[in-house]
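Data block below; observations after.
Every read-out reported here was derived from the displayed coordinates using simple, explicitly stated rules and does not represent laboratory data. Keep in mind that this is a model prediction, so the values were computed, not measured. Neighbour counts run over all protein chains shown; Cβ positions are idealised from the backbone, glycine included.
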Amino acid sequence: MTPRLIVEGGSQRQHRHALETLLDETNGLMRIASAYITDNDLVLAAKSRPIRLLTSLVRMDLVSGATSLPCLRSLIQAGVHCRSTVSGGRLHAKVYIFDNAAIVTSANLTKSALDVNMEVGVQVIGKAVEKLASWFDALWKEADVIDARELSKWEDETEDLRQQYAALRRKAGLILRRRRSEAIPSVRCRARLRDLLDNAPRCFVCNTNRRWSDDAEDLMRKRKFAAVWEDFKFPTHMERVKQGDAIFMFAKGAGIIGVGQASAKCEVRPPSDRRKISAYSSPEWRVPVEEWLAWVEHDSEACPCTIPNASFIDVSGDNYLDMRESIRKHFLRDSS
């Protein structure tokens, strides 16, 4: 049988769909080889199925977030057997092997690869699957076990570097961007944005979690959600959201980077829900947004402000009037 091409480009994510289909249609052991790991939705959906995950732990990948330590921890806690290659060069393969089919692809087990990037792969059957399984098993036999204790060691050893790297990225970005006074924020529909900022029943600020995950911020924008994860402060504030309310997205170090309108009240997704945005092993609280009426392309276009130390907070009160007015003036570029 000719290998089946898996090519991204339409409205449905082909790689995620193909992998989910194979999970439903096959039994037994699932083997995954991936250079980078930031997605746990696919694997957690497999529930009690035996899974072996082979990767290559490289310090810089952990520091940069190319491989997510919280994601790896959630997979280990869910019973996934994880190992890291130690010889034969750095693992760069992306292979998903089932009992009677396999996918060889450019797509790592990451949210960017499965939900955003333009990836290409092939699905094969027959003798090719047996050969891939043998190749995987040979590497697995020589690889080091990654357990909770080993992961804690990596977390401790890279904590300072991860914080320094995040600070450096912020600094490097500011050097390349225009001065704030010259920046014009991106507005999709000025009339609708004006109506929202003038007439929204309530206003809320959601922290994008940029300090810990650039992917989460990017996926909130693309999937149109304002999301937070337990345990967070003021959950009752999120429970107040209703359709039509204004949602301001706040990125630490930049300010308000997005403005949208809630399309429904908040929903809570359990840790194992494959529709979650995050890789965290905790429930995900999120508000669906009808459309982002404004979202800046560069931090220099953001509306500078400070917010209380909270992941999601109601800013409808009079004590936040100056903040709301500054957001209005910034994104509409007028004072009327």
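Before moving on, here are some points about what is shown:
- Bridgeable lysines around residue 222 (alpha carbons under 20 Å apart, same-chain partners fewer than 8 residues away excluded): 111, 252, 265, 276.
- Residues residue 231 and residue 128, FRET efficiency given R0 of 41 Å [Cβ-Cβ distance, rounded to 0.05]: 0.35
- Projecting the Cα atoms of 270, 44, 109 onto the dipole axis of the chain, where Lys and Arg carry +1 and Asp and Glu carry -1 at the beta carbon, places 109 farthest toward the positive end.
- Positive-end extreme of charge dipole, the chain - chosen from 303, 33, 134 (charges on Cβ): 303
- The spacing between the range 7-54 and the range 153-167, judged by their C-alpha centroids, is 29 Å.
- MRE, 222 nm, helices only [DSSP H, n ≥ 4, -39500 (n - 2.57), over the chain, to nearest 500]: -10500 deg cm²/dmol
- Per-residue packing, averaged as other Cβ atoms within 10 Å, sorts the ranges 258-266, 47-55 into the order 258-266, 47-55, beginning with the highest.
- Residues whose amide H lies under 5 Å from that of residue 265, counting only those 5 or more places away or on a different chain, are 243; hydrogens are built 1.01 Å from N in the peptide plane.
- The residue 60 and residue 142 beta-carbon pair, evaluated with R₀ = 35 Å, returns a calculated FRET efficiency of approximately 0.95.
- Charge dipole (the range 210-325, unit charges on Cβ, about Cα centre) - positive-most of 229, 257, 323: 229
- Each Lys and Arg adds +1 at its Cβ and each Asp and Glu adds -1 at its Cβ; summed about the Cα centre, the chain shows a dipole of about 560 debye.
- Mean separation of Cα contacts under 8 Å (6+ apart) over length of the chain, as relative contact order %: 18
- Between the helical axis of 148-176 and the longest alpha-carbon principal axis of the chain there is an angle of about 50 degrees.
- Sites residue 211 and residue 325 - FRET efficiency at Förster radius 30 Å, r taken between beta-carbons, to 0.05: 0.65
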